[in-house]
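Asks: There's a structure below that I have some questions on.
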Amino acid sequence: MKSLNTGINIFMNTVGGKWKCLILFFLSQKPMRTKEFYILIPSITQKVLTDQLKQLERDGLVRREVYKVVPPKVEYSLTELGQSFVPVLNTMCEWGTTYAVEQNLERQDQICRHHK
């Protein structure tokens, strides 16, 4: 099968994956440290979180900042390019909520928020 370099393929290669959109969603709220992700996404493994953060950093959506303190502090935040993805996250969240209501799916409390 020939790989097509279309917009949807580029999109899926960049933000596809089980946790990337959720990671970006939480980072759209505020910069975060690694342990905060484990609280918000308790079923994510260390390897998967590390891999997905590295991929998002490599793709220019996430910034990793290391503070030279003891103990070391690492904080993740959205880059300007990552911030440009926030409207997409809003649309996905709204669509998911509408879909859940129409399909009568059980869901947790609403976590969609109005982003900048």
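Asks: Give region 23-37 a look and list any residue that's modelled with pLDDT of 95 or more and more than 14 Å from Glu75 (Cβ to Cβ), or say none.
Replies: Leu24
Asks: Can you tell me which residue in region 71-94 is nearest to Ile23 (Cα to Cα), limited to those that are at pLDDT below 90 and either among the aromatic types (Phe, Trp, Tyr) or loosely packed, with under 13 Cβ neighbours inside 10 Å (or both)?
Replies: In this case the residue turns out to be Glu94.
Asks: Now, a different point. If you take the residues in region 44-65 that are open to solvent by 80 Å² or more (accessible area, probe 1.4 Å) and not in a helix (DSSP H, G or I), which one is farthest from Asn13 (Cα to Cα)?
Replies: Here is the first cut: in region 44-65, the ones open to solvent by 80 Å² or more (accessible area, probe 1.4 Å) are 46-47, 54, 58, 63-65.
Okay, now just the ones that are also not in a helix (DSSP H, G or I), so 63-65.
Numbers: Arg63: 19, Arg64: 20, Glu65: 24 Å.
Ranking the candidates gives Glu65 first.
Asks: Would you mind finding the one in Gly17, Gly60 that is modelled with pLDDT of 95 or more and either at positive phi or in contact with a His (Cβ under 9 Å, 6 or more places away or on another chain) (or both)?
Replies: On inspection, the qualifying residue turns out to be Gly60.
Asks: Follow-up. Quick one: would you say Leu40 is of a type in the set (A, V, I, L, M) and under 13 Å from Gln83 (Cα atoms)?
Replies: So Leu40 does not fit the description; no.
Asks: Output the number of residues of region 8-43 satisfying the condition of being closer than 23 Å to Glu65 by Cα and assigned to a helix (DSSP H, G or I).
Replies: Residues meeting the conditions: 19.
The values are calculated or read from the model by the stated rules, or taken from the named source; none is laboratory data. Note that the structure is predicted; figures quoted are calculated from it, not measured. Every residue, glycine as well, gets a Cβ built from its backbone with ideal geometry; the counts of neighbours run over all protein chains shown. Heavy atoms of the whole protein, side chains included, go into the accessibility calculation; ligands, DNA and RNA do not. Shrake-Rupley method; radii C 1.70, N 1.55, O 1.52, S 1.80 Å.
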